[in-house]
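Worksheet for the structure shown next.
The values are calculated or read from the model by the stated rules, or taken from the named source; none is laboratory data. From a predicted model like this one, the values you see are computed outputs, not experimental measurements. Note that each Cβ is placed from the backbone with ideal geometry, even for glycine, and that neighbours are counted across all protein chains shown. What goes into the accessible areas is simple: the full protein's heavy atoms, side chains included, and nothing from ligands, DNA or RNA. Shrake-Rupley method; radii C 1.70, N 1.55, O 1.52, S 1.80 Å.
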Amino acid sequence: MPDRFSYQELFAAGVPETPPGKTRHARYDFAVAYPNPDTLPLDGLADAVRSVLSREGRDLAYYTDPGGYPELRRLVAERLARSRNMTVDPDGGLVLTGGSGEAISMVIQALTDPGDTVLTEEFLYLGTLRSLHRYQANVVGVKCDESGIIPEELDSTIQRLKAEGRRVKYLYTIPTFQNPLGWTMTLERRRQTLEITRRHGVPVFEDDCYIDLRFEGEDVVSFHSLDDTGQVIYVGSFSKTIAPGMRMGYLAAPPEVISRAWAFKMGGAVNHFAALTIAEYVKHGGLEQHVQEQNESLRVKRDAMLASLGENFGNAATWTRPEGGLYIWLTLPEGANLEAIQEQAFQEGVGYYSGTQFSPDGRGQNSARLCFGYPTPEENYQGIAELAQILERHGVIN
Ligand SMILES: Cc1ncc(COP(=O)(O)O)c(C=O)c1O
């Protein structure tokens with residue numbers, strides 16, 4: 001047998017080993033953040049495929065418009081105008097991307113040199129955090145409360161960094177149904193955040209991927225619609241409304257940002273087959289109806305989890321009460337360690353991610369993100385009761 005070929009000496013410097021992981025499911029799975037496969041709009045998508053292919057299927061023979069299917073860009077811009085009061089030019093101010101994750105990575109690469117400082121909320125979406133680390137950003141989390149980023153903390157953090165000779169490149173925020181914290185930033189906080197960042201010459205990178213998952217309360221306007229100076233870069237996604245497997249997101253930004261970010265778009269335009277399908281599905285009204293049904297079911301799931309948290313944790317913990325999205329953030333008293341017990345809890349039937357995984361500086365041992373969107377309401381109720389028992393059994397709460 002010849003020796004196996006070795007790549008050890010060939011890898012580019014600093015490339016981390018990140019094997020594609022396989023999702024493990026606990027009996028009660030509050031770790032995964034995707035929809036239940038049983039509730040995907042498969043019939044609507046199948047109808048859309050059939051009808052769009054009979055009309056435009058021959059276009060699959062070509063490499064399409066680099067910014068992505070123009071009809072879908074137009075529909076996205078129209079939807080953003082209608083539901084988010086956003087003015088976006090579908091030709092030049094908006095491009096389709098392979099999920100919002102690709103857009104986030106493109107923007108990070110276009111704006112970030114190694115060692116640059118990037119501000120975020122004190123806990124943030126793991127994919128963005130990984131990407132920021134991959135491009136060697138110095139990630140600084142700003143303290144938040146249930147109304148969002150605390151303005152005084154934002155201002156003093158930027159001033160402190162300036163005094164240290166560090167320029168803040170941008171602020172990345174998930175202002176609506178924050179992942180992992182669950183809250184939505186209030187309008188006043190958005191205005192204050194915009195004013196402070198503008199004063200310091202810092203752009204706001206708004207990740208709005210949960211915006212459509214509201215099942216209670218009123219929408220808060222986007223950062224993008226509060227700004228008419230080009231200070232806001234915006235990403236959105238079809239992952240949370242249709243399915244992550246569609247891999248379709250979008251980036252709305254000033255043309256100068258798009259053209260730089262575009263340098264990091266891999267593999268040409270986005271999947272045209274998926275874009276055709278989504279456009280057809282949206283045009284026939286399927287999306288709005290599906291989102292409405294999905295949100296109603298999410299509300300029931302959230303309520304089941306909240307009820308069980310109240311009954312089983314009582315005064316032993318605090319938790320957020322999201323008006324949409326997928327996450328509840330559970331916080332135990334200081335000193336409790338949900339990170340240390342995470343694998344054990346998984347083995348005993350309850351999956352979650354501890355806060356430390358979402359923190360730029362490894363804080364949050366006493367917190368956990370609980371996703372309520374995947375299990376059934378009954379599983380949410382029962383799983384939280386199980387979690388409380390596991391934590392009691394292992395002395396994490398009493
Ligand atoms: C806040 C946030 N942004 C972006 C993404 C990426 O989603 P996608 O690439 O599927 O659009 C996720 C995924 O969970 C997320 O939670």
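Calculate, in nm to one decimal, what Glu164 and Arg130 gain on full extension: separation in residues at 0.36 nm each, minus their alpha carbon distance.
Details: separation 34, 0.36 × 34 = 12.24 nm, distance 2.49 nm.
Length difference between fully extended and current span is 9.8 nm.
At a 1.4 Å probe radius, carbon and sulfur cover how many percent of the accessible area of the stretch 57-201? Roughly 48 percent, rounded to a whole number. Using θ = phi - 60° in the Karplus curve 6.51 cos²θ - 1.76 cosθ + 1.60, the 3J(HN,Hα) couplings for the stretch 199-204 round to 4, 9, x, 10, x, 9 Hz; x is entered for Gly and Pro.
For Lys22, the aspartates and glutamates whose Cα comes closer than 17 Å to its Cα, not counting residues fewer than 8 places off in the same chain, are Glu343. In this simple spin-label approximation, Glu392 and Glu17 carry label points 7 Å from Cα along the Cα→Cβ vector, and these lie 4.2 nm apart.
Tell me, which longest segment in the chain has none of the trypsin sites (Lys or Arg not before Pro) that fall in DSSP loops with at most 10 further Cβ atoms within 10 Å? Excluding the exposed sites themselves, the longest stretch runs over 25-398. Using the 1.4 Å probe convention, the accessible area of the chain works out to 47 Å² per residue with neighbouring protein chains retained. Structure remark: mean-square fluctuation, Gaussian network model of the chain, C-alpha springs under 10 Å; the largest value among Ala368, Ala385, Ala31 belongs to Ala385.
Between Lys283 and Arg24, what length comes free when the chain is fully extended (0.36 nm per residue of separation minus the Cα-Cα distance, one decimal in nm)?
Values: separation 259, 0.36 × 259 = 93.24 nm, distance 3.61 nm.
Computed gain between Lys283 and Arg24 is 89.6 nm.
Got the relative contact order for the stretch 44-285 handy, in percent, Cα pairs under 8 Å and 6 or more residues apart? Display every interim value, and only then the final one.
Numbers: 412 pairs, mean separation 70.2, N = 242.
Value for the stretch 44-285: 29 percent.
The calculated FRET efficiency for Arg191 paired with Asn315, based on their beta-carbon distance and R0 = 25 Å, is about 0.10.
Take every DSSP beta bridge with both residues inside the chain and express the antiparallel ones as a percent of the total, to the nearest 5.
On the way: 20 of 37 bridges.
In the chain, DSSP labels about 55 percent of beta bridges as antiparallel.
Applying the criteria of a DSSP loop state and at most 15 other Cβ atoms within 10 Å to the chymotrypsin sites (Phe, Trp or Tyr not before Pro) of the stretch 25-124 yields Tyr62, Tyr63. Applying D = kT/(6 pi eta Rh) to the chain, where Rh is the Kirkwood radius over alpha-carbon pairs, T corresponds to 25 °C and eta to 0.890 mPa s, the Stokes-Einstein value obtained is 110 µm²/s.
Exposure here means at most 11 other Cβ atoms within 10 Å; with GluC sites (Glu not before Pro) in a DSSP loop as sites, the longest stretch of the chain lacking them is 18-163. Each part gets one Cα centre, and for the stretch 93-145 versus the stretch 313-389 those centres are 24 Å apart.
State the answer as a single residue: which of Tyr281, Leu309, Pro35 lies farthest towards the positive end of the charge dipole of the chain, with beta carbon charges of +1 for Lys and Arg and -1 for Asp and Glu, about the Cα centre. So the residue furthest toward the plus end is Tyr281. Lysine pair count for the stretch 44-285 with Cα-Cα distance under 30 Å and sequence separation of 8 or more or different chains is 8.
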